[in-house]
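The values are calculated or read from the model by the stated rules, or taken from the named source; none is laboratory data. Everything numeric in this text was worked out from a predicted model, so none of it was measured. Virtual Cβ from ideal backbone geometry, glycine too; neighbours counted across all protein chains shown.
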Amino acid sequence: MTDGEAGPIRGLDEGEAHLWWVRPDEVDPARLDQGRDLLTTAELERVGRFRRAADQRSCLVTRILVRTTLSRYVNVPPERWRFRTNAYGRPEIESPVSSLRFNLSHTEGLVVCLVSRNREVGVDVEATSRAHRGLEVAERYFSPREAAALRATRPSAQPDRFLQFWTLKESYIKARGLGLAIPLAAFTFDLPAEESAAIRLQIEPTLGDDPGRWQFTLGRLGAGHLVATAVDGRGGPPVVIVRRPATELGQPGGATTL
Ligand SMILES: CC(C)(COP(=O)(O)OP(=O)(O)OC[C@H]1O[C@@H](n2cnc3c(N)ncnc32)[C@H](O)[C@@H]1OP(=O)(O)O)[C@@H](O)C(=O)NCCC(=O)NCCS
């Protein structure tokens, strides 16, 4: 271990990635108030810039979630983490230096944080209440094959199918750390008919990426949300995605503290 490193990682095997999830409405308001003390001034200002109380709460929960989640794995107090963003806006750990990697996603009613050791990860959640047919969006932005697959889907199933493509596509661009700098038409998902079958990805050579290194999952969190994960599997055995509730936001003694 070199000076400034976070120390040994507890409870997170290299063959796993942990998906911590929280519904902001279910968090104890007293915990949220305490959690404010963990944030930097810049983070608190960011929370304050949201007009709607629900957006403020979601942003606050996100910031507390990422700090308390990382501190489950190493002996670093939640307030001590410092973050930087890459050129495309992805938050990453700046200090203490750590092999932990994470990615965040938030939508109406849900915030998630996917954590791994030394593996690039991306996660996206979407509320199914936001589903709409999406065919126009798909025809404009998705790859031709994805748009055709959606067109071939019966109309009543299109909103859900569209959202499945969307969450998967977001999980990939987020795992790459490039966000919407990657054209959404430059890579194509094939969604298997069987939910248990592997989700396949094809990537245009211009993106300079090997689709074989990525592993994807697509599922539901409760009735109201879709969640997709993308993990760099490096061509190895499947990385297990372990779901963990974080409603107590790292509070010592809470049911989900590792
Ligand atoms: C990454 C992006 C392509 C997709 O975002 P999205 O699907 O609309 O929203 P998600 O909630 O799934 O993802 C946003 C999170 O992804 C992360 N992110 C941002 N840029 C990213 C990138 N280039 N690569 C990977 N992750 C990124 C951030 O943690 C961000 O949340 P944060 O700003 O609260 O830290 C991009 O459009 C984005 O960052 N959007 C909005 C972020 C936002 O509104 N933040 C305010 C809440 S406090």
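Can you name the residue in the stretch 69-87 that is of a type in the set (Val, Ile, Thr) and within 15 Å of the ligand (Cβ to nearest atom) and, of all such residues, is farthest from Ile182 (Cα to Cα)? The qualifying residue farthest from Ile182 (Cα to Cα) is Thr69. The conditions of being buried (at least 17 other Cβ atoms within 10 Å of the Cβ) and within 30 Å of Thr217 (Cβ to Cβ) are not met by Leu32. Arg90 meets each of the listed conditions (1) within 9 Å of the ligand (Cβ to nearest atom); (2) of a type in the set (Lys, Arg); (3) over 18 Å from the mean Cα position of the chain (by Cα) apart from (3). Report yes if some residue within the stretch 94-116 is more than 24 Å from Ile241 (Cβ to Cβ), within 16 Å of the ligand (Cβ to nearest atom) and free of Cβ contacts under 8 Å to residues at least 40 places away in the same chain; otherwise report no. Yes, the stretch 94-116 has at least one match.
Of the residues making up the stretch 66-114, those that are part of a strand (DSSP E or B) and under 28 Å from Ala131 (Cβ atoms) are Pro91, Phe102, Asn103, Leu104, Ser105, His106, Thr107, Leu110, Val111, Val112, Cys113, Leu114.
Restricting attention to the stretch 12-28, which residues are part of a loop (DSSP other than H, G, I, E, B), within 27 Å of Gly224 (Cα to Cα) and among the charged types (D, E, K, R)? Answer for the stretch 12-28, where residues must be part of a loop (DSSP other than H, G, I, E, B), within 27 Å of Gly224 (Cα to Cα) and among the charged types (D, E, K, R): Arg23, Asp28. The residue pairs whose first member lies in the stretch 137-149 and is under 15 Å from Ile182 (Cα atoms), whose second member is crowded, with 21+ Cβ neighbours inside 10 Å and charged (D, E, K, R), and whose beta carbons are closer than 8 Å, counting only pairs six or more residues apart or on different chains, are Phe142/Lys169.
The condition (being assigned to a helix (DSSP H, G or I) and more than 12 Å from the ligand (Cβ to nearest atom)) is satisfied by just one residue among Arg31, Arg63, Arg46, Arg57: Arg31.
Taken over the stretch 229-241, the criterion of being farther than 14 Å from Phe102 by Cα and within 17 Å of the chain's Cα centre (by Cα) is satisfied by Gly233, Val239, Val240. When restricted to residues that are more than 7 Å from the ligand (Cβ to nearest atom), more than 17 Å from Arg213 (Cα to Cα) and assigned to a helix (DSSP H, G or I), the stretch 169-185 contains 3. The residue that is modelled with the lowest pLDDT, among those in the stretch 120-133 that are surrounded by fewer than 21 Cβ atoms within 10 Å (Cβ to Cβ) and not hydroxyl-bearing (Ser, Thr, Tyr), is Ala131. Scanning the stretch 115-152 for residues that are β-branched (Val, Ile, Thr), in contact with a strand residue (DSSP E or B) (Cβ under 9 Å, 6 or more places away or on another chain) and either assigned to a loop (DSSP other than H, G, I, E, B) or over 19 Å from Leu221 (Cβ atoms) (or both) yields no hits at all.
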